[in-house]
Amino acid sequence: MITFEDVTKRYPDGTVAVDHLSLQAPTGAITVLVGPSGCGKTTSLRMINRMIDATSGRILLDDQDVRAIDPPTLRRGIGYVIQQAGLFPHRKIVDNVATVPYLLGWDKKKARARAMELLELVGLDAKLANRYPFQLSGGQQQRVGVARALAADPPVLLMDEPFSAVDPIVRASLQDELLALQSELNKTIVFVTHDIDEAIKLGDVVAVLRVGGHLAQMAAPATLLSEPADDFVREFLGRDRGIRRLSFVPAKGVRLGPLPDDLVVDADGRPLGWRSDGGLLPYGTFNPERDSLRAALDAALLSPNGAAIAADGDGRAVGVVTRDALDDVLIRYAEKSLEHEPEPGERVAADDHGRAEP
Amino acid sequence: MNDEPLIRWDWIARNWDNGGPSAIKTLLESHVAMALLPVVFGLLVALPLGVACARWRWLYQPTAGLMNVIYSLPSLVLFSIFLSVTGLTQTTVIIPLTFFTLAVLIPAVVDGLGAVPDHVRQSAVAMGFRPLRRLLQVELPVAVPVVLGGLRVATVSSISLVSVGALIGQGGLGNLFIDGWQRQFYTPIVVGIVLIAALAVLSDGLLVFAQWLLTPWSRARRGTA
Ligand SMILES: Nc1ncnc2c1ncn2[C@@H]1O[C@H](COP(=O)(O)OP(=O)(O)O)[C@@H](O)[C@H]1O
Ligand SMILES: [Mg+2]
């Protein structure tokens, strides 16, 4: 657990970057700090590993004031990933990843073996190990950055807009990989971004900051979407909050109807399309075990007849959700959400999109 | 000397290694020593001074200013200043050349350190490097290409400047110019020019090779990127 207790940072020129910030980043969870540029995210993050010292207030790592720890020692126990990856241009990838183990005095062989493990963990080919950073793509460099931060197995990971500089497709896969990694490693992660969608996708808890380093709201993503604390947060969240919130509702509860006669399937039971006079019509599928209600709705909208096809993990059609059935669920959901907020545990990290087919 | 050929090979053969102080081989050796020692001394002094100037920026302006004043003085003036202290010796040539080298190398070290990308330095800090280790293992290695660039300029200038020492009898191959000029005899002059040029090209080539060996990461940048 990382605790900010009434932390203020005033730079020598008088800029107050962070103003009386109090928050807790729970152990083993991803806490996202999100807010417009210049709102004090980087400053807050760097106060944790003492690259910047707070002007007043305390930051506790578990129960220990970070000010009581010698900065280099503190930093070797905290992974740090930044936007440009910050790799050392003169060191091979394997040695970049082994940086902290070397600093901790591991012998070279052990440090390199560990680095190779990490390259595999972040999905990089072992033959990249002997290349230099400039020989890698931006996405690969970013993975190396993550591997390097994890090399000495620190309990805490700080990430400052790590995926902002890569293109959207690579960014999405890096985000998915981070979630997959996290489900295995359970690090305490503080993740900084200015991208609210990224915050909602990655965060177990999201702290929205406004300029001046004021905490505007801190909540689970679904709560943030349904109950923004004020106009600033509402505006920052942007449009479609209702639809986006469906991402956090599992589709598991929807009532599946039998496969209708006009659904054409192949020999294995995989859907091919809806029968019509002019040939097969397009359809959409979702996986009721894994996907969100948003994916189910999306799949329904992709079929001309408004019915979403439920498919199992192998893509076989197992049932159909008619628009009426979907309406029922949505109405029930709307009523229920008036009574209680979905718990963070209810969230689905799954795909938001129904799969569109021909 | 109208009928004199531009080069008299027999003169070269006789004087290459005639055992005396004016043998071409001896002059070549002293030329190399007088040109390279200032570069070595200069590098040894410029590294700590450059690091200090990069660390405490207020030091840089006065240091660079002083170096530029020295750089702008005609070498002859510098030689005569030291002449009164060190006499007609090689030292009188080596000391001013060391100052010239410093004038090139201190900015090279400062610029090299300045060219270390901020995110690289920041991430070194964040990984937990202490300042000295960060300097030695991250900042200086990343600065090497720029420093070597300065070293190439310093080395080539030093090789050509040594000749001026001929005016006090300590010019290495430069002595050949005086000799040829006084006797209106071209051969020593041509030999001097050719050997000095060859020395410059050779040293520069060696430094380029050293860079190729030392910084595979910047070599590959030009190669495959
Ligand atoms: N070293 C500094 N000196 C003075 N002001 C700074 C310094 N670093 C950041 N700031 C200011 O502090 C505020 C917060 O900066 P920062 O933490 O980098 O914001 P963010 O990461 O959210 O974009 C900004 O107004 C910025 O200009
Ligand atoms: Mg920032």
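Scanning for something assigned to a helix (DSSP H, G or I), more than 13 Å from chain A (Cβ to nearest Cβ), touching a helix residue (DSSP H, G or I) at 6+ places or on another chain (Cβ under 8 Å) and under 16 Å from A:R91 (Cβ atoms), does segment B:133-141 turn up at least one residue? Yes, segment B:133-141 has at least one match. Of note, A:D262 does not satisfy the criterion of being at pLDDT 85 or above and open to solvent by 80 Å² or more (accessible area, probe 1.4 Å).
The residues in segment A:73-110 that are touching a residue at least 12 places away in the same chain (Cβ under 8 Å) and either closer than 18 Å to B:G128 by Cβ or among the polar types (S, T, N, Q) (or both) can be counted, and the count is 25. Screening segment A:16-34 for residues that are within 16 Å of ligand 1 (Cβ to nearest atom) and not aliphatic (A, V, I, L, M) and picking the one that is farthest from the other protein chains (Cβ to nearest Cβ) gives A:H20.
Just so you know, in segment A:190-203 the residues that are assigned to a loop (DSSP other than H, G, I, E, B) and within 14 Å of ligand 2 (Cβ to nearest atom) include one that is nearest to the other protein chains (Cβ to nearest Cβ), and it is A:H194.
Evaluating A:G57 against the criteria (1) open to solvent by 30 Å² or more (accessible area, probe 1.4 Å); (2) at the interface with chain B (Cβ under 8 Å from one of its Cβ atoms); (3) modelled with pLDDT of 95 or more leaves one unmet condition, (2). In the set (1) touching a Ser or Thr at 6+ places or on another chain (Cβ under 9 Å); (2) free of Cβ contacts under 8 Å to residues at least 60 places away in the same chain, the condition left unmet by A:L209 is number (2).
Restricting attention to segment A:39-52 and to residues that are within 12 Å of ligand 1 (Cβ to nearest atom) and open to solvent by 30 Å² or more (accessible area, probe 1.4 Å), the residue that is nearest to A:T15 (Cα to Cα) turns out to be A:T42. Can we say A:R75 is more than 10 Å from every other protein chain (Cβ to nearest Cβ) and away from ligand 2 (no atom under 16 Å from the Cβ)? Against the criterion (more than 10 Å from every other protein chain (Cβ to nearest Cβ) and away from ligand 2 (no atom under 16 Å from the Cβ)), A:R75 does not qualify. For segment A:57-67, state whether one or more residues are within 15 Å of ligand 2 (Cβ to nearest atom), part of a helix (DSSP H, G or I) and not hydrophobic (A, V, I, L, M, F, W, C). Within segment A:57-67, none of the residues are within 15 Å of ligand 2 (Cβ to nearest atom), part of a helix (DSSP H, G or I) and not hydrophobic (A, V, I, L, M, F, W, C). A:D13 meets the stated requirement of being assigned by TED's automatic domain parsing to the domain that holds A:D153, within 15 Å of ligand 1 (Cβ to nearest atom) and surrounded by fewer than 17 Cβ atoms within 10 Å (Cβ to Cβ). Within segment A:158-189, the set of residues being buried (at least 18 other Cβ atoms within 10 Å of the Cβ) and within 13 Å of ligand 2 (Cβ to nearest atom) comprises A:L158, A:M159, A:D160, A:E161, A:P162.
Based on what the data block shows, is A:V146 under 28 Å from A:T27 (Cα atoms), in contact with a Leu (Cβ under 7 Å, 6 or more places away or on another chain) and open to solvent by less than 30 Å² (accessible area, probe 1.4 Å)? No, not satisfied.
Scanning segment A:234-271 for residues that are of a type outside the set (D, E, K, R), touching a Leu at 6+ places or on another chain (Cβ under 6 Å) and without any contact (Cβ under 8 Å) to a residue 24 or more places away in the chain returns a single hit, A:V264. Scanning segment A:125-143 for residues that are within 10 Å of chain B (Cβ to nearest Cβ) and open to solvent by less than 40 Å² (accessible area, probe 1.4 Å) yields A:Y132, A:P133.
Scanning segment A:75-120 for residues that are of a type in the set (D, E, K, R) and in a helix (DSSP H, G or I) returns A:R75, A:R76, A:D95, A:K108, A:K109, A:K110, A:R112, A:R114, A:E117, A:E120. Against the test of being of a type in the set (K, R), open to solvent by 30 Å² or more (accessible area, probe 1.4 Å) and modelled with pLDDT of 90 or more, the options A:R355, A:R316 yield a single qualifying residue, A:R316. Reported count of residues in segment A:191-241, each being in contact with a helix residue (DSSP H, G or I) (Cβ under 7 Å, 6 or more places away or on another chain), acidic (D, E) and away from ligand 1 (no atom under 16 Å from the Cβ), is 1.
Within the bounds of segment A:23-30, is there any residue that is touching a residue at least 12 places away in the same chain (Cβ under 8 Å), assigned to a strand (DSSP E or B) and within 16 Å of ligand 2 (Cβ to nearest atom)? Checked against the condition, which is being touching a residue at least 12 places away in the same chain (Cβ under 8 Å), assigned to a strand (DSSP E or B) and within 16 Å of ligand 2 (Cβ to nearest atom), segment A:23-30 yields no hits at all. Here the condition is being within 14 Å of chain A (Cβ to nearest Cβ), in contact (Cβ under 8 Å) with a residue 12 or more places away in the chain and part of a helix (DSSP H, G or I); of B:V191, B:V144, it holds for B:V144 alone.
The values are calculated or read from the model by the stated rules, or taken from the named source; none is laboratory data. On a predicted model such as this, the values are computed, not experimentally measured, just so you know. Cβ atoms come from the backbone with ideal geometry, glycine included; neighbour counts cover every protein chain shown. These accessible areas exclude ligands, DNA and RNA; they are computed on the full protein's heavy atoms, side chains included. Shrake-Rupley method; radii C 1.70, N 1.55, O 1.52, S 1.80 Å.
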